Each structure stands twice: as structure tokens, then as C-alpha cells.
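The structure appears right after this line, and notes come after that.
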Amino acid sequence: MYAYDELDRTLINERVSEFRDQVKRRLSGELTEDEFKMLRLQNGVYLQLHAYMFRVAIPYGTLSSKQLRGLAHVARRYDRGYGHFTTRQNIQYNWIKLAELPDALADLAEVGIHSMQTSGNNTRNVTSDQWAGVAPGEIEDPRIWSELLRQYTTLHPEFSFLPRKFKFAITASAHDRAAIKVHDIGLRLHKNAEGETGFEVLVGGGLGRTPFIAKTIKPFVPGRDLLSYVEAILRVYNQYGRRDNIYKARIKILVHELGIEKFAQEVEEEWLQIRDSALTLDESVVEEVRSRFSYPVYEKLPHLPDELKKAAHDPLFERWRRNSVFPHKVPGYAIVTLSLKPIGGPPGDATAEQMDTIADLADKYSFGEIRVGHEQNLALPHVARRDLPVLWKALDKIGVATPNVNLVSDIIACPGLDYCSLANARSIPIAQELTRRFANHDTADLIGRLHINISGCINACGHHHVGHIGILGVEKNGEEFYQITIGGRADENAELGALIGPAVKYGEVADVIEDIVEAYLALRARPDELFVDTVKRLGVEPFRERVYATR
Amino acid sequence: MPLVKSGRVATDTFVHLADDAELPGDGAVLISAARFLENPEAISRRLGKTGVTWPNNRDVDDLVPYLDRLAMVALVFPTFRDGRAYSQARLLRERYGFKGELRATGQVLRDQFLFMLRAGFDAFEVKKEADAEAFTSTAKRYSVFYQPTGDGRLTALHQRMQLRHSESAGQ
Amino acid sequence: MVTANRTWDGVVIYRTAAHGWSAELAGAAIVRTSDEARALLAEAVADDVGAVGAYIAPVEIKNSGAIKPGNLREHIRSEGLTIGPSVPA
């Protein structure tokens, strides 16, 4: 976990005081809404359907228990007692009053939390995967580089008014849990033949109206050149990205229109001018940031402690352990996922009470650290295996131990029309109904890993394009309809899903999903052939037939 | 529209010339890029300072050959949300070493002053009186900067390095 | 009718016939022609300090004279979330 120093804290406080002044000038009329809107967006403040929404940054998804309590405090004091964790590892509050925002921000600043650039046409949260630093087989902790990028991109004077938003993601594992291929810049940390640490740089990925899988612009950029290379990309984008049409303003469109070779050339030409500038990351500078990351002092613990042996007799505990507990790079420890997808509940939400309890449990069992995943679940990254049984009881008590992680009821959904002014249709009630249909854990286990993603509009905040099953809400004649795709994936084999047929009505969606799952169970080659692999093998046709046979 | 230079409201010594207005023999003038490029040699040889307004959708490369003869370059923010001029400013200052006045024009509002200063602007055609008056206090809003630009401000990373060195030197 | 959100706290508001705002749909001014709607909107937009994001929205007038939201979006804005009891109040 990165420890903010005096300088980081000062910057956050200066930002809070600037925003306080801006809010004051807005409420007095000195700033018009037209002048204020971009300023509030740059602090994560949206106007939604029936209130302001406030998006707070959780840099690369890492939180201390103190910070999680700070988030709980904001939910309680300034909102309606809960928050929503997003597909970009941030948290959103849905009922914030603009006039109280500066105070909420000041309270968050006390625990080193901010909301800078969580919206607006600038560079957003640099996401990583929630297992960074603890996953087995990881080359090195990508969060060091996420933090370097976070600092570099925060309040960058040249890039605060880009044509459109800009998102980064970094992975340091062979299996990409950070979805780098659907980001504006995706970075794959690896070592070259000489053992140097560097990045495969991909550009132009993104979902929304025109989804694209990112293309490799340079196979290896040494760590020392990361910032200068990123600056070159951003400068080319800032100058040549389209500004005439907001639906064509992302870098993915520029890359598509120029072609990756021409785009790479433009970037290279620019980069050659700045490669040996003040942006070069000397080893000492990287070390400085690395030294601010603290890691637990792990004990030497057994893989199968007595506590675990005893608890194995409890089928409920075992079910949860097999589902929600993942291997840790240190023997005797585990990564525990906390499911925020209770049966019948809105996906990704947590109450202030849950947050406080999770913070306490993190202190007791996870060295005070919590992670936020883009699947809208939380994780405790350093749990001793001997503590699993007692931890499970405590998690179950507060409703975050549903053993459905990565299963059909572990649904990723945007807030949809219940909250969001951009939405065409609701997403949360669809998710709720689906969890009820698939509430039986034996059935869910039988089905196996299956990611359902729901977006309430084409902006695709639910990442439906890359869902194994993707559901997109549209509006037809004032009614809610849903387009359904299958076969998408967000990992290193990223692919966009294919439409199975005409859009279906709100009331039919759950039936259709059940039909798709039934089709899969009938068609799969073996019980362990994943849904997404069956689709790859057979294509969309057999599914389309079964779903639309009676419709 | 007040002009701010050196942190204060100042008189604009440049006469803004329409494309069809006659070029005076001397005195400071601000003309459009199109007009300047029609006859750059002749224009830059006149007595009196020349300033050129460069559009934000054109590479500054075309202006670079004449920079040493220009007293002022005005860049444009058609809306404050269009950030192309920030890149242009940095290139002019840091890559091409432009030493003259670099003026921000268009929709120039208080909350962008510091970004503009960091990008190399030193003169501002400010939209609102109140903003112009608040220039100096606004420029002091932040004391910590993460990334290096040509403005000479020490970045946080380097401040930390300095601190470390002085700490270990003191031991 | 014309609806917006109150600037300082984001609460849903409706333009009234008395050139003000009401937090209740029942208080909304009802217009029937596009000219009237545009005029009502212009007035609402002019109150930049008090309200943000004003727009024209449909309503349904019941036989009883009661004003009801004219589509799902307005229903959610006036009645609240459709998510049900699983969400903490």
C-alpha cells in the first residue's frame, strides 16, 4: 500500500480548497453551469436522474482500513448510507448535495482519498487488478507503475482538456485481470530477454458506441521511458483527436482512422524529441516510489492448518472456500474475495455498516488492506489460511460471503436508468431477477464460470461487449428492450460478444438468459468446458436457434 | 477584456489588426496567421513589434522559422474545454525556445490560469474582470506539482529526491 | 412540463406556473403546445443559479386531473428507485 507523504497530502488539500471556491462561485452565480460543469466533472461530480452522483477515486483499487472507514463515513454523513463500487475500481455515491461536497472532500482528504479526474476529458483512474502484489506468478507489483502514472497524470497542465476521457490499465500477470485490451492505453508489464522491466504498450481499446480491442503500438518500452512515451501518445491525441463529435473523440477512433502503423509513427516522431528529457524515470526515482509501498511481514504458515482441517467438515464453509478463496504467492496465505452480489440485491453496493465491519476484519485478518475489483467485488489480499473459518463466519454475518464469485449470479451491472441520466433502460432489476433465477448454488456451480455484464445504454459502463453474456438496454417506442450478446471476453484473449438475435422485452430477459444457459449445458463438450469456450467452438447459431425457437 | 501580464491587469500595447486593415509603419500589431504567412519576410522586417494569432488546429511547425522575429504569439482557446493550445504552448516554449510573449486568448477563465502558466503562457486575455483581479491569488492555489514542464517548478518526485539526499548527507 | 435539478442539492424540481420551482410533480405547470413548452423551458434555463439541466418532459393527466409522470424516466425521478427492498433505505 502506498503511503502518501506531505507533498501528496498537500496537493489533495489544495485541490479541496480550490473546489470549495469553485462551488461557492457556482452557488453565487459567479460561475455559470456551462463554466462550472467541466470543473465539477474534474472532481467526479455528475448530475444524474434525481440527484448528484459523486465518484471517488480508489487508485489501482487499493484501500487501507482507515480509508474504507472514511468511505463509510461519507456514505453515512453525506449520502444515504451506502456506496457503489464501479467497473473502474472507484466508488460512487448517489445522493450527494453539491453544497456539502467540499466538506465531504475535506473529510476524505484526511484519509488520503480524493476524487481528482474521476470524470471529465482528462486521464482517469489508472486501474490494475485486485490481486496486484499478491498473485502467484506476477512479475512484479504493477501498482508501483500505476502510482508513477497516477502522479504523472494528476493535474497535468497540458492534458487536462483532452478531446475525451482517457483510461489506463496495467497488468503484470500472464492472465490479464485488468482488461487492458479495452483501455485507451493498456500496459503489460514484463521483462525482456536482458531481464529489463518494461511494457508492451497497447492503444485504442475501448467499449461504448464503437468498441475496439486495443492494438500493440510498441512491444517493449523500458520502464525508464514509460512516462515520456505516454506523454508522446497523449500529445498526439490532444492535438489530433477529433473534437467535432463526442462520439468520435476517443483515441480509439484516431487510431482507427490513421491506422496503427501511421499512429505509431506519429508517436515515435514525437517521442524521439522527448525521450531523454526530465520525464525519464531513473532507477532512483522508481525506487523512491517503491519504497513508499509497504508490504506485510508474512509469517511462516502451513498450507493446511488445523483450523482449516476442522472446518472442512462444514459443507457451507467448504463451498465458500472453494468458491471465494484464491491462492496467494506466499505459502499459508490466501486472497479472499468478498462477494457484493447478494441474491436479489443490487450488484456492487455496500452499506456503511458493511464497510466499517470489513475495515475491522481487514485490520484483524488482512494487515489492514482491502482491494476493489472491476468485477464490483472487494478482496482481502493477505489472509492467513488458518483464519479462513473465523473470517468466513464474520463475512457471512454481514452478507458478503455469497459463494458466487465468477459464477452466473456474480453479475457486473452499471447503475442504469434507476440512477443514471444517460441510460435508456434499467439494469439493476434485471441483475436482481437473474440472481434470483440462479440462486441455487449447486446449479451455479454446475454451470461454472460465467460472466454476465449488463449496461443500461450504449456507453457500456457495464462492459457488456466483453461479457460472456452481454446485455444492453435500449429504448424502443418508450419501452425497455435488451440486446443480448454472447462470447465476449475481457482478458488477454479479449473479444467482443456477438448478437444472438433481435432485442427482447424487459420481462423476457431472465427467461432468455435461462434458455441460453440451458443451451450451453446441453451443448458443452465436457462439464469443465466453460460457457465462453463452448460459444467459441460452436458459434452463435445453436444458441440463437434455441432461444428464438419459441419467440 | 482585461489583459493580464506579470500577474497584473496591463494595457495591451498591441493593436489588433483586421485582415483588411492597413499595416502601420511602426507600432506593435497583432495579425492573423493567414495574413502573416502571405508575406512573413516583409512583415517581420517592419519597424515595431509583430504578434501573430495562431489557430489551435494548425501545427506550430509552420510558424517556427519566424519565431525569432516575433515579439508575441497569441494562441487560442475557442472554448476553455478545447485544450490544444496547451500542447502548442509547450512546444513553442520548450522545443522551439520561443522567448517572446505567449498570450492566451479565447475563453480564458480563472480556473485554467495555473495550467496555462505551467504550459508557458505569460499573458492572458481574461474574459472576466473578477478573474483578472484574482490572477495572482489563483496562481498560488497549488504548491505541489507532479509533472515537469518548462516552467522550472520542481516536481514532487524531485523534491523528495532532494529531501532524501539532504537527509542522508546530514547523517 | 419542464423539470430540472436544484443546483445546491440536486433534488428533482418542476417549473411552476408562478415562475418558480416545486419539488412536487403536482406543482408543475402543464403546457400543451410546443411554443408554450419552449417558453417555459427558456424561463427555466434563465434561472442558472437555482436549477441545472432543465428539459421538457412528458406528463399524463388522469381523468381526476392528477398529474402523473409521462414515461419511465420521469416516473423514477418522481417516485424513486425501482430496485425494491434489497437496497438499504
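The values are calculated or read from the model by the stated rules, or taken from the named source; none is laboratory data. Model, not experiment: these values are computed from the prediction. Neighbour counts are summed over all protein chains in view; Cβ atoms, including those assigned to glycine, are modelled from backbone coordinates with ideal geometry. The accessibility values were calculated without ligands, DNA or RNA, using every heavy atom of the protein model including side chains. Shrake-Rupley method; radii C 1.70, N 1.55, O 1.52, S 1.80 Å.
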For the stretch A:423-444, what are the residues that are open to solvent by less than 40 Å² (accessible area, probe 1.4 Å) and either in the same structural domain as A:SER339 (by TED's automatic domain parsing) or of a type in the set (Lys, Arg) (or both)?
A:ARG426
Would a scan of the stretch A:175-196 turn up a residue that is touching a Ser or Thr at 6+ places or on another chain (Cβ under 7 Å), within 14 Å of another protein chain (Cβ to nearest Cβ), part of a loop (DSSP other than H, G, I, E, B) and surrounded by 24 or more Cβ atoms within 10 Å (Cβ to Cβ)?
no
Restricted to the stretch A:275-300 and to residues being away from chain B (no Cβ under 14 Å), touching a residue at least 12 places away in the same chain (Cβ under 8 Å) and surrounded by fewer than 15 Cβ atoms within 10 Å (Cβ to Cβ), the residue farthest from B:LEU91 (Cα to Cα) is A:LYS300
Would you tally the residues in the stretch B:43-101 being in a loop (DSSP other than H, G, I, E, B) and within 12 Å of the chain's Cα centre (by Cα)?
4
If B:ARG103 passes every condition in (1) surrounded by fewer than 20 Cβ atoms within 10 Å (Cβ to Cβ); (2) in contact (Cβ under 8 Å) with a residue 40 or more places away in the chain but one, which one does it miss?
(1)
Please specify each residue of the stretch A:215-248 satisfying the condition of being in contact (Cβ under 8 Å) with a residue 60 or more places away in the chain and either assigned to a loop (DSSP other than H, G, I, E, B) or touching a Cys at 6+ places or on another chain (Cβ under 7 Å) (or both).
A:GLY241, A:ARG242, A:ARG243
Residue check: is A:LEU258 in contact (Cβ under 8 Å) with a residue 60 or more places away in the chain and of a type in the set (A, V, I, L, M)?
no
Look at the stretch B:106-132 and say how many of its residues are open to solvent by 10 Å² or more (accessible area, probe 1.4 Å) and touching a residue at least 60 places away in the same chain (Cβ under 8 Å).
4
Counted residues in the stretch C:31-49 being in a loop (DSSP other than H, G, I, E, B), open to solvent by less than 50 Å² (accessible area, probe 1.4 Å) and either touching a helix residue (DSSP H, G or I) at 6+ places or on another chain (Cβ under 8 Å) or more than 30 Å from A:ALA104 (Cα to Cα) (or both) come to 2
Consider A:TYR506 against the criteria (1) hydroxyl-bearing (Ser, Thr, Tyr); (2) touching a strand residue (DSSP E or B) at 6+ places or on another chain (Cβ under 6 Å); (3) crowded, with 19+ Cβ neighbours inside 10 Å: it satisfies all of them except one. Which criterion is unmet?
(3)
Reported set for the stretch A:83-106 where residues are closer than 13 Å to A:PHE54 by Cβ, of a type in the set (Phe, Trp, Tyr) and out of contact with any Lys or Arg (no Cβ under 7 Å at 6 or more places or on another chain) is A:TYR93
How many residues are among the aromatic types (Phe, Trp, Tyr) and open to solvent by less than 50 Å² (accessible area, probe 1.4 Å) if we restrict to the stretch C:1-30?
1
Go through the stretch A:377-422 and report how many residues are open to solvent by 20 Å² or more (accessible area, probe 1.4 Å), hydrophobic (A, V, I, L, M, F, W, C) and assigned to a loop (DSSP other than H, G, I, E, B).
3
Evaluate the stretch A:133-143: report whether one residue or more is open to solvent by 10 Å² or more (accessible area, probe 1.4 Å) and under 13 Å from A:ILE58 (Cβ atoms).
no
Out of B:ALA18, B:ALA33, B:ALA85, report the one residue that is within 30 Å of B:TYR142 (Cα to Cα) and of a type in the set (Gly, Ala, Ser).
B:ALA85
Here is a list of conditions, (1) more than 16 Å from B:GLN147 (Cβ to Cβ); (2) open to solvent by less than 10 Å² (accessible area, probe 1.4 Å); (3) among the hydrophobic types (A, V, I, L, M, F, W, C), and A:LEU272 meets all of them except one; can you say which number that is?
(2)
Can you spot a residue in the stretch A:356-376 that is in a loop (DSSP other than H, G, I, E, B), under 25 Å from A:ARG77 (Cβ atoms) and either assigned by TED's automatic domain parsing to the domain that holds A:TYR482 or open to solvent by less than 30 Å² (accessible area, probe 1.4 Å) (or both)?
yes
Just need a number here: residues in the stretch C:1-23 that are within 14 Å of chain A (Cβ to nearest Cβ) and either in contact (Cβ under 8 Å) with a residue 24 or more places away in the chain or touching a Cys at 6+ places or on another chain (Cβ under 8 Å) (or both).
7
Of these, B:ALA71, B:ALA42, B:ALA34, B:ALA85, which one is of a type in the set (Gly, Ala, Ser) and more than 29 Å from A:PHE161 (Cα to Cα)?
B:ALA42
Can you pull out the residues in the stretch A:24-35 that are open to solvent by less than 20 Å² (accessible area, probe 1.4 Å) and at the interface with chain C (Cβ under 9 Å from one of its Cβ atoms)?
A:ARG26
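Let's see how each residue does on (1) under 24 Å from B:ARG81 (Cβ atoms); (2) within 12 Å of another protein chain (Cβ to nearest Cβ); (3) among the basic types (Lys, Arg); (4) touching a helix residue (DSSP H, G or I) at 6+ places or on another chain (Cβ under 9 Å):
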| residue | (1), (2), (3), (4) |
| --- | --- |
| B:VAL108 | yes, yes, no, yes |
| B:ASP111 | yes, yes, no, yes |
| B:LEU117 | yes, yes, no, yes |
| B:GLY120 | yes, yes, no, yes |
| B:ALA132 | yes, no, no, yes |
| B:TYR142 | yes, yes, no, yes |
| B:PRO148 | no, yes, no, yes |
| B:HIS158 | no, yes, no, yes |
Looking at the stretch A:129-147 only, could you name the residues that are closer than 15 Å to A:PHE293 by Cα and more than 19 Å from the chain's Cα centre (by Cα)?
A:GLU140
Would you pick out the residues in the stretch C:66-81 that are hydrophobic (A, V, I, L, M, F, W, C), at the interface with chain A (Cβ under 9 Å from one of its Cβ atoms) and open to solvent by less than 40 Å² (accessible area, probe 1.4 Å)?
C:ILE76
For the stretch B:133-158, give me each residue that is touching a residue at least 12 places away in the same chain (Cβ under 8 Å), of a type outside the set (A, V, I, L, M, F, W, C), surrounded by fewer than 17 Cβ atoms within 10 Å (Cβ to Cβ) and not in a loop (DSSP other than H, G, I, E, B).
B:GLU133, B:THR136
